[in-house]
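Asker: Structure provided below as C-alpha cells; questions to follow.
The values are calculated or read from the model by the stated rules, or taken from the named source; none is laboratory data. Source: prediction; values computed, not measured. Every residue, glycine among them, receives a Cβ derived from its backbone with ideal geometry; neighbour counts consider all protein chains shown. Keep in mind that these areas ignore ligands, DNA and RNA; they rest on the heavy atoms of the full protein, side chains included. Shrake-Rupley method; radii C 1.70, N 1.55, O 1.52, S 1.80 Å.
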Amino acid sequence: MSDTIDMDVEESVSLDTQNDFTRERQGDDSFVAICNHCQKVLSGGSQHGTTHLKKHLRICIPYQDARRGKSGDNEDFKFNQELSREKLAHMLVMHEYPFSMVEHCGFVDFVKSLQPQFNMFTRNTHKEDCIKLYEKEKNKMCKFFNKITFRVTLIANIWTSSNMVGYISLTCHFIDDDWRLQKKILNFLSFEYPHSGEEIYKTIKKLLVDWNLDKKLCSIVLDNVLSNDKFVHELIEDLSLNMSLLLDSEFFRVRCCAHILNLIVHDGLKDIGDELAKIRKIVRHIRSSAKKIQDFKKIAMQKGILPKGLILDVLTRWNSTYLMLERACEFQEIIRRFICFDDDVHLYMSLEEWERVKIVKDCLELFYSITKRFSSVKSPTSNLYFNDLCLVNLQLNNWSKHPHLFIVRMAEKMHAKFKKYWDMNSMLLSIASSEKIDEVCASFEYLYSAYVEQVKKVPRSPHILTHTENSGSHDTCFGVGGVFELSSCSTVSDILLGLNIFLQGHVTSQSTKSELEIYLERKVEASTKDFDILQCWKDNEKEHPILSAMARDILAIPLSTVASESAFSMGG
C-alpha cells in the first residue's frame, strides 16, 4: 500500500510537483517515505512529522538540479556568479583548503573548463566571502537560538599556548525538535592576558549574549582547573540576576568525566613506571630499522602468528600507551624470542615484569573503553554515566582485594582520586548507603517539581492536558509548542540514579496521579544493544511532555569536553 506525501519546503523553494515522496507501508505496519527524486528511504510515520523530509529536499541533488533547471538538456539554465562564489566559499571552509588555492593556475584552468563565465578573484576576496558566509550562518543560528524552547549545554575549552596566548573554544550541544543530538562550534578565539577566571568570565558572558544563549543554559561542562572555579562563580552570580538558572544553580557545572578518568589513569601508570619504560625501549628498538622489523615478522610467522606492527606510544596520550601495552602483551613470546637473538642485553624483561604489565593493561582496559564511550559526539552520553561509573567504583573496590600487592596500592591511589572528584560532581558514591537513596530520589523529584512549577507559569494551550486515574488526560505539563523558561538541571548522576531507583516501582494510591507517577508505574523493559534512547523519548513526548523536556535537556549534556581521540590527553 502506498500514497503520496504533498510537501512544501522553505520559503525560498517553489515546487513544480506535488509528488516529492511516496509513502509505503512496511510488513510491521510502519510507514516509510521514499524520495521520488533520489529513491532514498526516510521515516514516513505521522509521528515523525515532515521536517526531516523538508531537510532532505534541501540536500537532494536530483531535486535541486531539477529545481534549478540543471537536469538533462534543460536550456533554461542561467549561470549565477554570486551563487557560485558562495559555493566556492562553502568548499574552502568545509575542506579547510588554503585561500591561496583560488590562485593556483591548475585550479583556475579547471574552473574555467567547467564555466568560462565564472570570474575568479584573489585569495583576499574569497577570504572575505568566507567571512560573509560565517556571518550569514551565525545570523541564522542566532535567530534559531532566540526561538528555542529547550535548554542547551555548553562546553568551554580554555587553555594557554606555549607562547602564552590564551584561547577559548565554545561548543553548544542540544537535542533538536526531531530528537537528534546536535553539536555547534560557536567560537574559537584568543583572549588577552591575564588569563584569569575573571577575564574568562567576561569573554564567555559576552559570547553568550551575542548568541542569545544567556537565558537558555542547562549546564556547562568544564575541565577541573582552578581558573574555571572562579569563572563559573562569576557566571552563576551574573545569570542568577535574571533568574535563568534552575535550583539556585546548585547543579549548573558539570566536570569533564574524561579528564577525571585521565587523572585516575595517570596514577595507575605510575605503578609500572619501570616496566613501561622497558617496553617503550623494546618497541622503539624493534622499530628502529627495516631489518629489525623484518626479523620480528619472520619470528612471528615461524610461530604461526599473523604479524602486526608494534605500537610506540605518545607520552601525552595514555590511550596510545594502553594500545602499546596491549600489542606488546599480544606478542610477548615473539618479543622475548627476538630479544634472545639481539645483542642488546638491556632489553631483557623477566616473566614477573611481563605479568605486572598484563595485569595493569587489563585494568586500564576498563578506563579505555569508558573514556571512548564518554567522548562520543554522535549519540548521548549522559545516560551512560550511572552504569559506567558504578562499574569503575566496583572494580576499584575489587582491585583493593587483589592478590598482588602492587595492584592493591594502585587501587587505593586511584580510588582516592575517584572519590575526590566524584564527590564534587555527584552523589554516585553514596549509593552503597541506604540512607542516601532517599536523598537521591528526592533530588530527582525536586528537579521534576521545578519543571512543573515553571510550566504552571505558562498560559494553558491546546498542548497542555491533565492526567487522572480514570481518564486519558494529563497533569499540567509542558506542551510541544509551549514556552519553557528553564535553564539548568540536576547533576547527571543524581537524576539518572533517581530515575533508576524510581523505575523499581513507586506505585501511588492517590486518586489523581502526576505524569511522573504514571510513568514510573509502567513496566520497565530491559534496553537492548540497539536501543535508541532519543527515539524512545521522541515516541513518548506527547504522553510524557514534562519528563521528555527533562530528558531532552539532560541527554544533551556531554560527559567530556573533547572528542574521542583528544579525551585521552594527559596534559594540563
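Asker: When only residues in segment 375-415 that are in contact with a Leu (Cβ under 9 Å, 6 or more places away or on another chain) and assigned to a loop (DSSP other than H, G, I, E, B) count, which is nearest to Leu222 (Cα to Cα)?
Answerer: My answer is Ser375.
Asker: Looking at segment 136-174, which of the residues that are touching a residue at least 12 places away in the same chain (Cβ under 8 Å) and polar (S, T, N, Q) is nearest to Ile185 (Cα to Cα)?
Answerer: If we take residues in segment 136-174 being touching a residue at least 12 places away in the same chain (Cβ under 8 Å) and polar (S, T, N, Q), then Thr171 is nearest to Ile185 (Cα to Cα).
Asker: Anything in segment 92-106 that is of a type in the set (Val, Ile, Thr) and over 9 Å from Arg123 (Cα atoms)? List them, or say none.
Answerer: Val93
Asker: Filter segment 300-337 down to residues that are closer than 21 Å to Leu351 by Cβ and aromatic (Phe, Trp, Tyr), then give me how many there are.
Answerer: Here the count works out to 1.
Asker: While we're looking at this one, here's another question. Kindly indicate the residue of segment 293-328 that is closer than 19 Å to Leu366 by Cβ and among the hydroxyl-bearing types (Ser, Thr, Tyr) and also surrounded by the fewest Cβ atoms within 10 Å (Cβ to Cβ) among those meeting that condition.
Answerer: Here the residue is Ser320.
Asker: Is there any pair with a first residue in segment 382-397 that is in contact (Cβ under 8 Å) with a residue 40 or more places away in the chain and a second that is of a type outside the set (A, V, I, L, M, F, W, C) and open to solvent by 20 Å² or more (accessible area, probe 1.4 Å) whose Cβ atoms are under 9 Å apart and which are 6 or more apart or on different chains, and what are they?
Answerer: Here the result reads Leu384/Arg373; Leu384/Ser376; Phe386/Asn500, each pair linking segment 382-397 to a residue that is of a type outside the set (A, V, I, L, M, F, W, C) and open to solvent by 20 Å² or more (accessible area, probe 1.4 Å).
Asker: Looking at segment 329-355 only, could you name the residues that are of a type in the set (Asp, Glu), open to solvent by 70 Å² or more (accessible area, probe 1.4 Å) and closer than 18 Å to Gln302 by Cα?
Answerer: Glu330, Glu333, listed by residue number.
Asker: Keeping to segment 47-65, report how many residues are open to solvent by 50 Å² or more (accessible area, probe 1.4 Å) and over 29 Å from the mean Cα position of the chain (by Cα).
Answerer: The number of residues fulfilling the criteria is 2.
Asker: Filter segment 77-102 down to the residues that are open to solvent by 50 Å² or more (accessible area, probe 1.4 Å) and under 34 Å from the mean Cα position of the chain (by Cα) and list them by number.
Answerer: Residues satisfying the conditions are Leu83, Glu86, Lys87, His90, Met91, Val93, Met94, His95, Glu96, Tyr97, Pro98, Phe99.
Asker: Take segment 507-551 and flag every residue that is farther than 22 Å from Ser379 by Cα, modelled with pLDDT of 70 or more, among the aliphatic types (A, V, I, L, M) and surrounded by fewer than 20 Cβ atoms within 10 Å (Cβ to Cβ).
Answerer: Ile518
Asker: With Lys372, Lys358 as the choices, which residue is assigned to a helix (DSSP H, G or I), open to solvent by 30 Å² or more (accessible area, probe 1.4 Å), closer than 18 Å to Tyr322 by Cβ and at pLDDT 90 or above?
Answerer: Of the residues listed, the single one that is assigned to a helix (DSSP H, G or I), open to solvent by 30 Å² or more (accessible area, probe 1.4 Å), closer than 18 Å to Tyr322 by Cβ and at pLDDT 90 or above is Lys358.
Asker: Restricting to segment 21-58, name every residue that is of a type in the set (S, T, N, Q) and assigned to a loop (DSSP other than H, G, I, E, B).
Answerer: Gln26, Ser30, Asn36, Gln39, Thr50
Asker: Quick one: in segment 158-178, which of the residues that are open to solvent by 10 Å² or more (accessible area, probe 1.4 Å) and in contact with a Phe, Trp or Tyr (Cβ under 8 Å, 6 or more places away or on another chain) is farthest from Thr381 (Cα to Cα)?
Answerer: Of everything passing the filter in segment 158-178, Met164 is farthest from Thr381 (Cα to Cα).
Asker: Across segment 275-284, what is the number of residues that are surrounded by fewer than 17 Cβ atoms within 10 Å (Cβ to Cβ) and either assigned by the TED database to the domain that holds Val225 or touching a residue at least 24 places away in the same chain (Cβ under 8 Å) (or both)?
Answerer: 2
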